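Since the structure comes first, as structure tokens, the remarks are kept for the end.
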Amino acid sequence: MKPYDVLIIGGGPAGLAAAIYASRAGLRYALVEQGFPGGQVLNTSEVDNYPGFPEISGMDLGMKWMEHAQKLGMQQIMEEVTDLEVGEDIKVVRTFGGEYTTKNILFCTGAAPRMLGVPGEDRLRGKGVSYCATCDGAFFRNQKTAVIGGGDTAVSDAIYLSALCQEVFLIHRRDRLRAADYLCKKVQMKENIHILWNSQVREIQGEERVSSLLVSDTEGQEKRLEVAGAFIAVGIQPNSGLLKGKVDTDSAGYILTNDHMETSIRGVYAAGDVRKKFLRQIITAAADGAVAIESIVAAL
């Protein structure tokens, strides 16, 4: 079979934007995504910083991207990628379903929530421990929950949960939040959100399900916080494992690219949250995807 011009791996904002641009450029391409395209934005209750779509849900925004790409003829390979060969002019993408050859690879696999790394977290994952408030918040209606973190995601999660839960504890290890100013103001207006400053979770407790958190403050004082759910929002880590040792990355595993989205290997590009960049937002991921495709077009 004739090699593709480009295989786009990952169906988040970067991948879908790339698919739209690849269609418009007349490239022979496919988007390889094992699940439903859209990426982590699908788990976001409300997006209010994407131009032209004020106060749209992440699911609705993701659906609009997918519909746009499909209207332009996007071909999708719904398989999980297991291995990549990137050293030759013709690259090989292996999946559980087959093997595909391509002149270029565009890696748009994004990033995943970072684990807290405390006792009980892994054992109780899916049993009260969650990394997605909009996915699992409804299971804790009228109960007490906690959100761990202090950035935009954590504060947004606490606000979202406050409409469902009896009480929400926002646990942050510093004395001020890192979230955007408007979110900080909004969270402090919610009467059922209680912020625990200078505090860290030491253990997530429970037998069959989460029942409490062991929390300590900077002075070493410990207390047990009775909650039914623990929502962890302490950052993300890149999904760059398939390219580990094959292209240059930083110490955290983010893929290094130039302004054209080119990696250290000719014909391998990266776009979106998986690459090292100053700002990781929906709009910058989409822009990365567009830039990468134009770079590939120029190189063909």
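The values are calculated or read from the model by the stated rules, or taken from the named source; none is laboratory data. Everything numeric in this text was worked out from a predicted model, so none of it was measured. Note that we place each Cβ from the backbone using ideal geometry, even for glycine, and neighbour counts take in every protein chain shown.
Against the definition (in contact with a helix residue (DSSP H, G or I) (Cβ under 7 Å, 6 or more places away or on another chain) and at pLDDT below 95), how does Ala228 come out, yes or no? Talk me through it step by step, then tell me what you get.
Working: in contact with a helix residue (DSSP H, G or I) (Cβ under 7 Å, 6 or more places away or on another chain): yes; at pLDDT below 95: no.
Against the criterion (in contact with a helix residue (DSSP H, G or I) (Cβ under 7 Å, 6 or more places away or on another chain) and at pLDDT below 95), Ala228 does not qualify.
Kindly indicate the residue of the range 58-107 that is surrounded by fewer than 18 Cβ atoms within 10 Å (Cβ to Cβ) and of a type in the set (S, T, N, Q) and also nearest to Ala298 (Cα to Cα) among those meeting that condition. Outline the logic, then answer.
Here is the first cut: in the range 58-107, the ones surrounded by fewer than 18 Cβ atoms within 10 Å (Cβ to Cβ) are 59-60, 63-64, 67-68, 70-73, 75-76, 78-80, 82-83, 85, 87-90, 92, 94-99, 101.
In the following step, the residues that additionally are of a type in the set (S, T, N, Q) were identified as 70, 75-76, 82, 95, 101.
Numbers: Gln70: 24, Gln75: 22, Gln76: 24, Thr82: 29, Thr95: 28, Thr101: 20 Å.
Applying the filter and picking the extreme gives Thr101.
Being closer than 20 Å to Leu124 by Cβ, in contact (Cβ under 8 Å) with a residue 40 or more places away in the chain and surrounded by 21 or more Cβ atoms within 10 Å (Cβ to Cβ) is the requirement here; does Val268 meet it?
Numbers: closer than 20 Å to Leu124 by Cβ: no; in contact (Cβ under 8 Å) with a residue 40 or more places away in the chain: yes; surrounded by 21 or more Cβ atoms within 10 Å (Cβ to Cβ): yes.
For Val268, the condition - closer than 20 Å to Leu124 by Cβ, in contact (Cβ under 8 Å) with a residue 40 or more places away in the chain and surrounded by 21 or more Cβ atoms within 10 Å (Cβ to Cβ) - is not met.
If you take the residues in the range 218-265 that are free of Cβ contacts under 8 Å to residues at least 60 places away in the same chain and among the basic types (Lys, Arg), which one is farthest from Asn198 (Cα to Cα)?
Lys244
Which residue, of Gly97, Gly39, Gly26, is over 17 Å from the mean Cα position of the chain (by Cα) and on the phi > 0 side of the Ramachandran plot?
Numbers: Gly97 fails: on the phi > 0 side of the Ramachandran plot; Gly39 fails: over 17 Å from the mean Cα position of the chain (by Cα).
Testing whether each residue is over 17 Å from the mean Cα position of the chain (by Cα) and on the phi > 0 side of the Ramachandran plot leaves just Gly26.
Within the range 10-26, work out how many residues are under 19 Å from Gly110 (Cα atoms) and surrounded by fewer than 24 Cβ atoms within 10 Å (Cβ to Cβ).
Count: 2.
Just one of (1) buried (at least 18 other Cβ atoms within 10 Å of the Cβ); (2) outside any loop (DSSP other than H, G, I, E, B) trips up Lys223, so point out which.
Lys223 satisfies all of (1) buried (at least 18 other Cβ atoms within 10 Å of the Cβ); (2) outside any loop (DSSP other than H, G, I, E, B) except (1).
Any idea which of Arg94, Arg28 is under 24 Å from Pro238 (Cβ atoms) and basic (Lys, Arg)?
Numbers: Arg28 fails: under 24 Å from Pro238 (Cβ atoms).
Criteria check complete, one pass: Arg94.
List the residue pairs whose Cβ atoms are under 6 Å apart, where the first residue sits in the range 42-69 and is in contact (Cβ under 8 Å) with a residue 12 or more places away in the chain, the second is buried (at least 18 other Cβ atoms within 10 Å of the Cβ) and of a type in the set (Gly, Ala, Ser), and the two are 6 or more positions apart or on different chains.
Sorted first by the residue in the range 42-69, then by its partner, the pairs are Leu42/Gly58; Leu42/Gly62; Thr44/Gly58; Val47/Gly58; Gly62/Gly38; Ala69/Ala19.
Determine if the range 231-243 includes at least one residue that is in contact with a strand residue (DSSP E or B) (Cβ under 9 Å, 6 or more places away or on another chain), more than 30 Å from Gly15 (Cβ to Cβ) and modelled with pLDDT of 95 or more. Break it down stepwise before answering.
Of the range 231-243, the ones in contact with a strand residue (DSSP E or B) (Cβ under 9 Å, 6 or more places away or on another chain) are 231-240, 242-243.
Then keep just the ones that are more than 30 Å from Gly15 (Cβ to Cβ); that gives none.
So far as the range 231-243 goes, no, none of its residues is in contact with a strand residue (DSSP E or B) (Cβ under 9 Å, 6 or more places away or on another chain), more than 30 Å from Gly15 (Cβ to Cβ) and modelled with pLDDT of 95 or more.
Provide a single number: the residues in the range 235-265 that are of a type in the set (A, V, I, L, M), crowded, with 21+ Cβ neighbours inside 10 Å and farther than 21 Å from Asp5 by Cα.
Matching residues across the range 235-265 total 1.
Hey, which of the strands (runs of 3 or more DSSP E) in the range 5-120, taking only ones fully inside, have at least 3 residues that are within 30 Å of Ser212 (Cα to Cα)?
Numbers: elements: 6-9, 29-32, 81-85, 91-95, 99-102, 105-107, 111-113.
Output list reads 111-113.
Quick one: count up the residues across the range 108-157 that are touching a Cys at 6+ places or on another chain (Cβ under 6 Å) and crowded, with 24+ Cβ neighbours inside 10 Å.
1
Give all pairs with beta carbons closer than 7 Å in which a residue from the range 102-114 that is more than 14 Å from Tyr4 (Cβ to Cβ) meets a residue that is of a type in the set (Asp, Glu); count only pairs at least 6 apart in sequence or on separate chains.
Gly110/Asp273; Ala111/Asp273
Check whether at least one residue in the range 27-46 is closer than 30 Å to Glu99 by Cβ, at pLDDT 90 or above and surrounded by fewer than 16 Cβ atoms within 10 Å (Cβ to Cβ), and report yes or no. Even if it seems obvious, please write down each step before you answer.
Residues of the range 27-46 that are closer than 30 Å to Glu99 by Cβ, as a first pass: 27-40, 42.
Within this subset, residues satisfying the condition of being at pLDDT 90 or above are 27-33.
Filter once more, so that each one left must be surrounded by fewer than 16 Cβ atoms within 10 Å (Cβ to Cβ): 28.
Checked the range 27-46: at least one residue is closer than 30 Å to Glu99 by Cβ, at pLDDT 90 or above and surrounded by fewer than 16 Cβ atoms within 10 Å (Cβ to Cβ).
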